[in-house]
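First comes the structure, then the notes that go with it.
The values are calculated or read from the model by the stated rules, or taken from the named source; none is laboratory data. Just so we're clear, the structure is a prediction, and the values are computed from it rather than from any experiment. Cβ placement follows ideal geometry from the backbone for every residue including glycine, while neighbour counts extend to all protein chains displayed.
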Amino acid sequence: MKKIVFLSLFVMFIVGSCTQQQVAKSPLDGAWEVVSAKQMHGDTVIMQVNKDINGSELKIWSGNYYNYVGKWSLNDSTVDNYGGGTFKLEGNKYEENPIYPAPNTHKMLLEIKNDTITQTWPVDDNGVVNKSNYSIEKFARKK
């Protein structure tokens with residue numbers, strides 16, 4: 001009887017120690033679709049999605065990774081847009097480190113409100129937007 005109790009406790013201990021720890025889920029985790037985007041020069045809009053350029057794009061965050069895939073058309077030209085890599089988010093400062101297509105760091109401001117993300121870039125190390133040439137993209141969470 002003592003052997004059975006001891007063996008049961010031993011098995012419970014082993015099973016309990018083999019379970020994975022829960023990692024805190026990021027508010028970014030999931031699939032998001034571009035709903036608006038514009039490129040700015042000062043206060044002037046240079047290019048705007050669904051006005052100057054048409055198409056769609058999805059961005060997916062999971063853990064410390066992101067990827068995106070889309071297709072955009074301008075006049076008679078169509079371009080596939082895709083890539084991915086790792087990211088880190090500290091407050092509203094967001095940094096992407098692409099693995100593909102080009103390994104160069106992108107620093108952005110990122111704002112999350114409910115099911116909407118707004119990305120503004122480029123920014124410097126202090127999170128200040130380069131007002132001479134910057135972009136703003138808004139994403140809506142896919143359900």
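Below is a table of values for the structure above.
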{"item": "Top-ranked residue of the range 111-127 - restricted to ones that are without any contact (Cβ under 8 Å) to a residue 40 or more places away in the chain and of a type in the set (A, V, I, L, M, F, W, C), ranked as nearest to residue 43 (Cα to Cα)", "result": "121"}
{"item": "All strands (runs of 3 or more DSSP E) inside the range 20-107 with 2 or more residues being loosely packed, with under 12 Cβ neighbours inside 10 Å", "result": "77-90"}
{"item": "Filter result for the condition that a residue is more than 28 Å from residue 126 (Cα to Cα) and at pLDDT 95 or above, over 70, 85", "result": "70"}
{"item": "Residue count for the range 91-111, restricted to those that are closer than 13 Å to residue 28 by Cβ, of a type outside the set (Asp, Glu) and in contact with a Ser or Thr (Cβ under 8 Å, 6 or more places away or on another chain)", "result": "2"}
{"item": "Residue, nearest to residue 53 (Cα to Cα), within the range 110-143, restricted to residues that are among the aliphatic types (A, V, I, L, M) and outside any loop (DSSP other than H, G, I, E, B)", "result": "136"}
